[in-house]
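The values are calculated or read from the model by the stated rules, or taken from the named source; none is laboratory data. Not measured: the values here are computed from a predicted model. Glycine also receives a Cβ, built like all others from the backbone with ideal geometry; neighbour counts cover every protein chain displayed. Areas reflect the complete protein model, heavy atoms only, side chains present, ligands, DNA and RNA absent. Shrake-Rupley method; radii C 1.70, N 1.55, O 1.52, S 1.80 Å.
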Amino acid sequence: VYIQPKVNMETGAIIGGEALIRWRHPELGMISPMDFIPVIEKDGFIINVDVYVWNEAFKMLGRRQAAGKKVVPISVNISRLHAHQDDMVKCIRGMGIEHGVSPDLVGLEVTESGFSNNTTVLFERMQQLRDFGFSVHMDDFGKGHSTLTMLKNEPVDVIKLDRDFLRQIENAKNQVVVRNTVGMLNALDVHVIAEGVETQEQADFLIQCGCYDAQGFYYYRPMPMEEF
Ligand code: G
Ligand code: MN
């Protein structure tokens, strides 16, 4: 499990991290999650991988909390398949209790496309998790599955702008889209984090638009947990 820091772009402070699975293969070296996630999604094994990553993240937070060390919130990904499992809430809550982790230190990232089908049950589940104190983050926002009207009542605390928003940010039309999307989300009182910030220009523009937090290679790449 690797962690990629999230930063405040104005101060450079690390405000949190996202736990990400990495596969270090003995012969093939690093295998990209883009290559193996679709495969394990297909056979359902992604559920086990989710649980493995959650557990590692909770364990780390619990250990640091117990030792009185500094902690920042860590978010974990909930795969689409898992978001629609009934026992998911119990599983996450149970891990928090087992490892003695305050729920406000854990963000749960659900991809935007996971929100778009079977929404009522999913909304209820997300709301239960929020009631327990976890925060819910919508991942990959803007990639094409959202309906804007849903934003009015979606049970999310944080929205992660998909990195596609930042492609060709020098283009005037792209700037209109980013500026107004960030403005709308700020007005709706959801916290916005930009994904995939790779240049100073992108960072400067986002700050101008009112988006202050980011995750991206310009700041940090995902790194081994010990290093984080
Ligand atoms: O969508 P999600 O938040 O799960 O995406 C995290 C993935 O995005 C990780 O695999 C991470 O390596 C990748 N990522 C993070 N920052 C950047 C970036 O600045 N550029 C690109 N191309 N990928 C990034
Ligand atoms: Mn994510």
Q: Go through the range 130-140 residue by residue and tally those that are among the polar types (S, T, N, Q) and in a loop (DSSP other than H, G, I, E, B).
A: 0
(Q) Just to check your reading of the model, which residue among D104, D86 is away from ligand 1 (no atom under 16 Å from the Cβ), open to solvent by 70 Å² or more (accessible area, probe 1.4 Å) and modelled with pLDDT of 95 or more? (A) D104
Q: Could you pull out the residue among Y212, Y220 that is over 29 Å from F123 (Cα atoms) and touching a residue at least 40 places away in the same chain (Cβ under 8 Å)?
A: Y220
Q) If you scan the range 142-161, which residues turn out to be under 13 Å from G114 (Cβ atoms) and β-branched (V, I, T)? A) V156
Q.
I'd like the full set of residues that are surrounded by 20 or more Cβ atoms within 10 Å (Cβ to Cβ) and away from ligand 1 (no atom under 13 Å from the Cβ), limited to the range 188-211.
A. V192, F205, C211
